[in-house]
1. If the cut-off is a Cα-Cα distance under 17 Å, which aspartates and glutamates reach residue 12, setting aside same-chain residues fewer than 8 apart in sequence?
2. Scanning the chain for trypsin sites (Lys or Arg not before Pro) in DSSP loops with at most 13 other Cβ atoms within 10 Å, what's the longest stretch left with none?
3. In deg cm²/dmol, rounded to 500, what helix-only [θ] at 222 nm does the chain give when every DSSP H run of at least 4 residues adds -39500 (n - 2.57) and the total is split over its residues?
4. Quick one: order 27, 244, 76 by neighbouring beta-carbon count within 10 Å, fewest to most.
5. How do 42, 181, 143 line up, fewest other C-beta atoms within 10 Å first?
6. Taking only complete DSSP H runs, can you tell me which helices of the chain stretch 15 Å or more along their own long axis by Cα positions and average at least -1.0 on the Kyte-Doolittle scale?
7. Given (i) 1.28; (ii) 1.04; (iii) 0.97 as candidate values of Cα Rg over 2.2 N^0.38 Å, which corresponds to the one derived from the coordinates?
8. Between residue 160 and residue 84, how high is the FRET efficiency from 1/(1 + (r/R0)^6) when r is the Cβ-Cβ distance and R₀ = 41 Å? Nearest 0.05.
Amino acid sequence: MLLIDHYAYNNKLAGVHPGEKFLFFAVTVALCLALPTTFTTLVVTLLMAGAVVFAAGVPWRFYLKLLLLPGAFLAVGVAAVAVSVTRAPQDFIWAIHTGQYFAGITRQGLDNSVNLFLRSLGAVSCLYFLSLTTPMTEIADVLRKMRMPTLVIELMTLIYRFIFILLEVTRQIYTAQSSRLGYKNTRTGFNSLSRLILSMFIKSYRQSQAMYDSLVSRCYSGDLHHLSEPRQWCARNILLIVTVDSALLLCSLYAGGLV
């Protein structure tokens, strides 16, 4: 079991109605994307970090490692936004001249890249809150009640399940290769890695077919049903969500509005 899935089932907010957590996620991520100010994105990121670490009880080291993964990817992506290439010289903060072209960083490009990075990181933190506090079955149940197309829910659920199959097959093959000194040096490591990738997809395909056959043998007709624990909506939690998001909206409008 992935640690993300482990904490989704074992956290302090596991007993909270999934609709309440989904509502908090949806409203907050909407504010983060609709009010793309530095203040809003920073507050959303810190708010979700506090909700995950303090309210849900997820270890902060693990949460920080999760944020570093998309953070590194976003840093590389926004670097292309910050750099401008042109023939005419502009008000560059830093630039290099190569032939007829100038490549450098302008103030506007730097502001756009920082804004994009913070907004994306804020949206990712909202998604982490939902995935670390709510199991996939409960998310699918909420989407089903929202009249989400059944095909979308089925694909999401099956893909999520196949991730575990893929990781388990990869772990088994890697352990078998390591026990035979398959990664003792760079040359054998690359050779073993290529074989691992090939075997991984072949065995994953076979296991996915076996999983589908088991579903069909249990009268699967394109609709997966999950047992959900009945929970009651809590008026106090709803009031807390409305209060927090309303305060965030008012402070964001005061800090910079929609620009």
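Here, each number is a calculation from the coordinates, and none is a lab measurement. Remember, it's a predicted structure, so these values are computed and weren't measured experimentally. As a convention, Cβ positions derive from the backbone with ideal geometry for all residues, glycine included, and neighbour counts pool all protein chains shown.
1. Leaving aside aspartates and glutamates fewer than 8 places away in the same chain, those within reach of residue 12 are 20, 138, 229.
2. 13-86
3. Value at 222 nm, helices only: -24000 deg cm²/dmol.
4. Least crowded to most crowded, the residues run 76, 244, 27.
5. Going from sparsest to densest Cβ surroundings: 181, 42, 143.
6. Span-like helices in the chain: 18-34, 38-50, 60-82, 107-133, 150-179, 186-217, 235-255.
7. The calculated read-out lines up with (i).
8. Once rounded, the FRET efficiency stands at 0.55.
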